[in-house]
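Here the structure is laid out as structure tokens; the discussion comes afterwards.
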Amino acid sequence: MAEEKIIEVNPGDTIIINVKNDESDNKTYSISEFAKLSGLSRSTIYLKIDSGEIPKIMIGKSPRIESKYLNQFKKQ
């Protein structure tokens, strides 16, 4: 999420700057991409999504998984 920083330039004049945190730059993966990177099958990923183990976000009609969840499921 972006964080606002307020800078006072001259007395009475302020500038608001939106600064992105690392968390706001999360990449998302399709189910197929996540499957390739994690080593899990697509059906296993859908089961984990349905159980709530992997949260999904929808972009249009496409389910996407944020990159921050990849390390939890990457096969060793």
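I'm checking my understanding of the structure. Among residues of segment 24-66 that are in contact (Cβ under 8 Å) with a residue 40 or more places away in the chain and in contact with a helix residue (DSSP H, G or I) (Cβ under 9 Å, 6 or more places away or on another chain), which one is surrounded by the most Cβ atoms within 10 Å (Cβ to Cβ)? Filtering segment 24-66 for residues that are in contact (Cβ under 8 Å) with a residue 40 or more places away in the chain and in contact with a helix residue (DSSP H, G or I) (Cβ under 9 Å, 6 or more places away or on another chain), the one surrounded by the most Cβ atoms within 10 Å (Cβ to Cβ) comes out as Y29. If you scan segment 29-50, which residues turn out to be closer than 13 Å to F73 by Cβ and of a type in the set (G, A, S)? Residues satisfying the conditions are A35, S38, G39, S41.
Just to verify a result, which residue in segment 67-76, among those that are exposed (fewer than 11 other Cβ atoms within 10 Å of the Cβ) and among the polar types (S, T, N, Q), is modelled with the lowest pLDDT?
Going residue by residue through segment 67-76, those that are exposed (fewer than 11 other Cβ atoms within 10 Å of the Cβ) are 71-72, 75-76.
Cutting the leftovers down to among the polar types (S, T, N, Q) gives us 71-72, 76.
Details: N71: 83, Q72: 84, Q76: 42.
Looking at residues that are exposed (fewer than 11 other Cβ atoms within 10 Å of the Cβ) and among the polar types (S, T, N, Q), I get Q76.
The values are calculated or read from the model by the stated rules, or taken from the named source; none is laboratory data. What you see is a predicted model; the values in this text were computed from it and never measured. Cβ atoms come from the backbone with ideal geometry, glycine included; neighbour counts cover every protein chain shown.
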